[in-house]
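These notes concern the structure reproduced below.
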Amino acid sequence: MIVGLPDQGVFDFVDYFMKKNPYKYTEVSDRTMFEWLKSSSLRPLRRGTEPSNDRPDYLFGIQPIDEGIIRSRIRDFANSEQDGRSIILVEIKGGLLQEERAKIMSKFSAHKRVARICVGEPDVEYQNYVKDLVRGEIVTAKSAERERKIEELKKEWKARMVEKERQRKVKAAARAAEKARREAAAEARRKRKEAAMRAAAAKRAAEARKGDEPATDEASENKTGDDVVMNAQEEAESEEEHVEEVEEEEEADEPEPTLPEVEVTDDDLKKAMTGGYFRRQRLHDISPGSLSAGYLSFTLPNAEDSFEDGRKVFDEVVYEWEKKEDAENKLATWIRNRKVLEKVPTITKPSEWFEVQKNAWSETKLEWRKKHRTYLQAVAMREAAAKKAESEKAAKEGQEVKAEASAETNDTPQAESPAADAAAAESPAYIDPDDADVWAVEDINDLDGKGTPLYGKFKAEDWQLLNLRYDLHLLCHAFFRDATAEDPDIKGIHRSLLQHYYQTYFAQGPPLLPSLYGGKSVDELLDTFVVDTITVGDDGVLRTVHDIDTPQSTFVRLVEAARREREKRIEAGDESARIRIAQPVTAPRNSGGGKGPTILDRCRRRLAPAEGIRELDCPQESIIISTHHQQLAISMARDMQIQPRLNLDTMGDNNNIMRAAFQLALFLKFLSFPRYKRGYESAGVYEYEAGKRQKGE
C-alpha cells in the first residue's frame, strides 16, 4: 500500500515505482478499475458530484459498478493464492485512516503486506521524474498554443498575400495602360513632328525652286526630319525603360510566418507544481467534502498496528522520502495548516457576544446617520440664507446708491447704518470638515461646537466602506473568541473562507458582495479597500489591525482619511481612485404606466409616520424592524431579488413596526408572492385588501 498526503505526489509516485519495476506489480485502484472498464467499451454516463483522483466517481448506470461491488470483487480476486501476482494498492484517504487501512489490509492475508510512506521532500530522482512530466505537459500545452497562433498568423498572411497579389495585378495593369498611353503619345508626337518637318522641308524646297537655292538644303532638311523622328523614337524608348525600372523596384514577397520553438522556464515549472516537488493535477486527490470529514483522524501506518486477533497490519513499513519522525512531523504540520482552510463545524451561528457588539454598532451608526442628515440640512439652510442675504445686500446697495445720489442733490448728510456689519460680526463661524485634523479632533460628532461632524462630507460609498471595515473587524475578533481561543491551531479566518463566515455571522443581511463596496472581488476589498483595518498574511489568514476595545470613532477617522486621499487622487486626474458602488434594485413603477411616484416612494411615505421606525434608507441601507416576523421579511426580500441590508434589532412586539415591515414587503412586489399573503394575514396586524391594491398597484 502506498500512503501519502493528499495532492502531494502519491499517484505520480505509483507511476514512478511501476516504471522502475516493470511487469512486477499490478495496480489496484479506482483509476485503473475505470481504465479497465473503458477498455472494455463501457462508457460512463456522467460523473458524481465530487470526483477526485482517489474516487473518480464515474457513473455507468450499472448497479454493481456504481455501488462499489466491482471494486470489492477485484480486491478479492487479487488476494487469491492462485493469482500469485504482486499488488500495489492506492487509496489515499483509506491509507491515512487507521481503521480503514486495517480493513483493506485484512483482505490480503495471502500476501506480504508492505506500507510505503511517501511524506516529506522526495529524493532527487523522483523530483527529476516529476519535472520531466510537468515539462512534457507544458511543452504539449505550449505547442498546441503555438500551432494555434501560427494558424492564425498564416490566415492573416494568406489574406495579405491575396491582397498583395491583387494589388500587384492592378499595378501591372495600370503600368501596361500607362506604357501603352505613353507609346501612343510618343508615336503621335513623332508623327506630328515628321509631318511638320516634312511640310517645312517641302515648303523650303518650293521656295528654293523659286529662288534657285541649292538642292543640298533640301537634303539637309530631310536629314533634319529624320533626326526628329529618331529623337521621338528615343524618347518613347526612354519612357519604356522608366516603366520597366519601376517594375523592378517592387518589394519582395513576405515569407511565411512562424514562431520560435517552445521553451520551458523555471517559472513555468513553479506555476505547474505545488510545494516545489509535486505536479498540480486537474482534480484533487481527495474531494473537499471527504477531506473535511476525515482529515483530523489522519495517521501514518505504524509497525505496531495490529488486527483484533493480534496479527500485524503490515509486515513491513518503508519510509520512501523522509524518516519516521520527520514524516510524522510533516503530517502534524499539514493537519495544523489544514485547520485554517477548513470550515469550523462548531460555528453555525453568531455568539451572544457578537450580537451585543453588532447591536451596539448599529445603534451608534444610526446616531451618526441622524447627525449627518441634520448637518446636511443645516448646511442647505445656511446656503439658502446666504443666497438670500446676498440678494438682499445687492438690493440694499442699489438703494444706497440711489440715496447717495439724492443726498448729493439735497446736500443732506446721511448717517451710515452698521446693521450689516453687526450681523456679519454676530454670524457664527463654522469649520469645514476637510479642514479638521482627522486624528486630533476629540469629538467626531461636533468639531466646532455647532454640530459639524467629521463625517460631514460622507457619501454613500463612505458609509458602505465604514460598514465593511467594522464588520470585518468585528468578525475577526468574534472568530478569535469562538474558534482560535478553543483551538490555537486555527489562527484565524482564511481569505478563501471569508464569505462563508461573513454569511454565518451576518446571516440576517446580504452576502459579502464586492460590488456593494466598489470592488470587483473579495481579494480586491482586502488588498485595496480595508488595508488600514484588516491585513492578510503570507498564509492567507486575516488579522485585525485594531484591538477589540478600539473606539468605534476610529473607523470613522479611517474612512475620512481614505476619503480625503481618494479625493486628492481624483482631483489629480486619477479616475481609477473613483469608487462606483452597485446601485440598489429599485422597485418597478405602478402598473398603470403613468409618471406617478414609484412603489418605493409610496413605501417611504407610508412608513415615515410609523412609530418606532428610526431609519429607512431603503433598500441599500438599514431597515430597523421588529424581530417578531423578521424571517418572513428576509425571505420576501430574497425572493424578490433585492439586496437590502436588514439590521434587525429587538424592539418589542410593536404592531406599528410590524405593520411597517410588512407594508415594505407589500410595496416591494408583495402581490407577486401569494404565499406571503397567508403569513401576513395570520400575523393579525394588517387586513389584506386584495381588490383595492390590485387595481392601483
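The values are calculated or read from the model by the stated rules, or taken from the named source; none is laboratory data. All values reported here derive from a predicted model rather than from experimental measurement. With ideal geometry, Cβ positions are generated from the backbone for all residues, glycine too; neighbour counts draw on all protein chains shown.
Below are the figures for this structure:
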{"quantity": "Filter result (of a type outside the set (Phe, Trp, Tyr) and under 42 Å from the mean Cα position of the chain (by Cα)) within the range 1-26", "calculated": "ILE2, VAL3, GLY4, LEU5, PRO6, ASP7, GLN8, GLY9, VAL10, ASP12, VAL14, ASP15"}
{"quantity": "Residues being of a type in the set (A, V, I, L, M, F, W, C), in contact with a strand residue (DSSP E or B) (Cβ under 7 Å, 6 or more places away or on another chain) and under 16 Å from SER52 (Cα atoms) - total across the range 277-326", "calculated": "0"}
{"quantity": "Residue that is within 26 Å of ASP326 (Cα to Cα), exposed (fewer than 13 other Cβ atoms within 10 Å of the Cβ) and either β-branched (Val, Ile, Thr) or free of Cβ contacts under 8 Å to residues at least 40 places away in the same chain (or both), where the choices are GLU145, GLU163, GLU99, GLU152", "calculated": "GLU99"}
{"quantity": "For ILE74: the one exception among (1) under 42 Å from the mean Cα position of the chain (by Cα); (2) part of a helix (DSSP H, G or I); (3) touching a residue at least 40 places away in the same chain (Cβ under 8 Å)", "calculated": "(1)"}
{"quantity": "The lone exception for LYS107 - which of (1) in the same structural domain as VAL28 (by TED's automatic domain parsing); (2) charged (D, E, K, R); (3) assigned to a helix (DSSP H, G or I) it fails", "calculated": "(3)"}
{"quantity": "Which numbered condition PRO22 misses (of (1) part of a loop (DSSP other than H, G, I, E, B); (2) touching a strand residue (DSSP E or B) at 6+ places or on another chain (Cβ under 9 Å); (3) of a type outside the set (Ser, Thr, Tyr); (4) without any contact (Cβ under 8 Å) to a residue 12 or more places away in the chain)", "calculated": "(2)"}
{"quantity": "First in the range 567-578 and modelled with pLDDT of 90 or more, second anywhere and of a type in the set (Ser, Thr, Tyr), Cβ under 9 Å, 6 or more apart", "calculated": "ARG569/SER576"}
{"quantity": "Residue ID - surrounded by the most Cβ atoms within 10 Å (Cβ to Cβ), chosen from residues in the range 337-353 that are under 30 Å from the mean Cα position of the chain (by Cα) and assigned to a helix (DSSP H, G or I)", "calculated": "VAL340"}
{"quantity": "Filter pass, ALA180 being aliphatic (A, V, I, L, M) and either surrounded by 13 or more Cβ atoms within 10 Å (Cβ to Cβ) or closer than 30 Å to VAL262 by Cβ (or both)", "calculated": "no"}
{"quantity": "Only listed residue being assigned to a helix (DSSP H, G or I), within 30 Å of ASP446 (Cα to Cα) and out of contact with any Pro (no Cβ under 9 Å at 6 or more places or on another chain), chosen from ALA384, ALA332, ALA394", "calculated": "ALA384"}
{"quantity": "Residue within the range 73-90 that is in contact with a Pro (Cβ under 6 Å, 6 or more places away or on another chain) and at pLDDT below 85 present", "calculated": "no"}
{"quantity": "Matching entry among LYS179, LYS191 (being modelled with pLDDT under 90 and touching a helix residue (DSSP H, G or I) at 6+ places or on another chain (Cβ under 9 Å))", "calculated": "LYS191"}
{"quantity": "Members of the range 284-329 that are of a type in the set (Ser, Thr, Tyr), in contact (Cβ under 8 Å) with a residue 24 or more places away in the chain and part of a strand (DSSP E or B)", "calculated": "TYR319"}
{"quantity": "Criterion: surrounded by 11 or more Cβ atoms within 10 Å (Cβ to Cβ) and of a type in the set (D, E, K, R) - qualifying residue of ASP253, ASP285, ASP267, ASP309", "calculated": "ASP285"}
{"quantity": "Any hit, the range 506-517, residues being assigned to a loop (DSSP other than H, G, I, E, B), at pLDDT 90 or above, in contact with a strand residue (DSSP E or B) (Cβ under 7 Å, 6 or more places away or on another chain) and of a type in the set (Gly, Ala, Ser)", "calculated": "no"}
{"quantity": "Test for ALA186: is it assigned to a helix (DSSP H, G or I), loosely packed, with under 14 Cβ neighbours inside 10 Å and not assigned by TED's automatic domain parsing to the domain that holds VAL313", "calculated": "no"}
{"quantity": "Residue check for LYS457: of a type in the set (Lys, Arg) and either touching a Lys or Arg at 6+ places or on another chain (Cβ under 8 Å) or surrounded by 17 or more Cβ atoms within 10 Å (Cβ to Cβ) (or both)", "calculated": "yes"}
{"quantity": "Subset of the range 129-170 [in contact with a helix residue (DSSP H, G or I) (Cβ under 9 Å, 6 or more places away or on another chain) and either under 20 Å from GLY9 (Cβ atoms) or not in a helix (DSSP H, G or I) (or both)]", "calculated": "TYR129, VAL130, LYS131, LEU133, VAL134, ARG135, ILE138"}
{"quantity": "From the options LEU474, LEU542, residue that is among the hydrophobic types (A, V, I, L, M, F, W, C), more than 18 Å from GLU461 (Cα to Cα) and under 20 Å from the mean Cα position of the chain (by Cα)", "calculated": "LEU542"}
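Okay, residues lined up against (1) surrounded by fewer than 17 Cβ atoms within 10 Å (Cβ to Cβ); (2) polar (S, T, N, Q); (3) assigned to a loop (DSSP other than H, G, I, E, B):
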residue	(1), (2), (3)
MET18	yes, no, no
THR26	yes, yes, no
LYS38	yes, no, no
SER41	yes, yes, yes
GLU50	yes, no, yes
GLY95	no, no, no
LYS103	yes, no, no
